[in-house]
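Notes follow the structure.
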């Protein structure tokens, strides 16, 4: 085993000069000895690239001719990139000097570990977990993703309650460690997702092959979040609802997918009505548009489903409804839901 396998940190940038100026210096202070740092520009219209070239000569630059989204942008850059490990890092993440070593050590300890994430904390409220990944991603029986430390909009304070390395269901795309071997095995992200939940779909496909996804608490990063699409943006609502349905169709066995999608349609309809009652008409319309897009591309996405799901690794899959646990039973913390399992 190579003590220091090569690691390539890749930041996909789109008009993110402010974040690059703020966070590249701390990334360049990473202590890992066999490291490449790459900014992959997704056809920015600002001066991100010239700024990095002028001020950070040790940072490699890759350019995409058009904005390919999060999924397509990373696929284009990683297609021919040679490194033992990739770290997909959001531009709005502050890292700490020794953030890489513990995750690589954990992943090198088991050949079946395909991907991992560090502890994600809130950059602006540093005692709290951060929404996008917190202490590792899980999923409920109806396909709703949540995290240790964050369920829906309820985010926990970090008291060390999730400080043990744990097998999870999905690793956050804000700071995603993945072995190149496994990235290639599943052909990277599904570009039809464009953005949002593509990392959950990636991890699910890895788990359908029996691989492991891990959370490493001894590595800590601080994430701002919402840097590209704010929660108030109806397009984000559209992507979240459409991509979640696509993910279920692709990754569940046919019979289970049909039942789960039937339940989801009714739950999504309730969400649509809720948006209407709140006067958020554009968000309600986004859900309707997401369902239309899902059905238009139904055959295409079903063809992506694996023929043999017998190797599925269920770690991180919670056989409960997180909506029932959270909204009906009032269980706002991950520990309350797991204890009641």
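A compact table of results
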| quantity | calculated |
| --- | --- |
| Between 0 and 90°, nearest 10: helix 17-27 axis offset from the chain longest Cα axis | 70 degrees |
| Average Cα contact separation per residue, the range 79-143, under 8 Å, 6 or more apart, as relative contact order % | 19 percent |
| Exposure proxy ranking, count of Cβ atoms within 10 Å, fewest first, for 167, 278 | 278, 167 |
| Residue exposure sequence - 193, 298, 334, 56 - by fewest surrounding Cβ within 10 Å | 298, 56, 193, 334 |
| Relative contact order (%) - criterion: Cα under 8 Å, at least six apart; region: the range 1-159 | 22 percent |
| Mean Cα-pair separation over length for the chain, i.e. relative contact order, pairs under 8 Å, 6 or more apart, % | 19 percent |
| The chain, helix-only ellipticity at 222 nm - DSSP H runs n ≥ 4, -39,500 (n - 2.57), divided by all residues, nearest 500 | -11000 deg cm²/dmol |
| Cα shape, the range 27-86, gyration tensor, a/c 1.5 rule | oblate |
| Fraction of antiparallel bridges per DSSP, the chain only, in percent to nearest 5 | 45 percent |
| Tensor-based shape of the chain (alpha-carbon gyration tensor, a/c under 1.5 rounded, otherwise prolate or oblate) | rounded |
| Among 57, 217, 253: highest mean-square fluctuation, GNM of the chain, C-alpha pairs under 10 Å | 57 |
| Residue exposure sequence - 205, 299, 331 - by fewest surrounding Cβ within 10 Å | 299, 331, 205 |
| Prolate/oblate/rounded label for the range 60-187 (Cα gyration tensor, a/c 1.5) | prolate |
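Readers should treat all values here as calculations from the given coordinates under stated rules, not as data from a laboratory. Keep in mind that what you see is a predicted model, and the values were worked out from it rather than measured. Because the Cβ atoms are built from the backbone with ideal geometry, glycine has one as well, and the counts that use them run over all protein chains shown.
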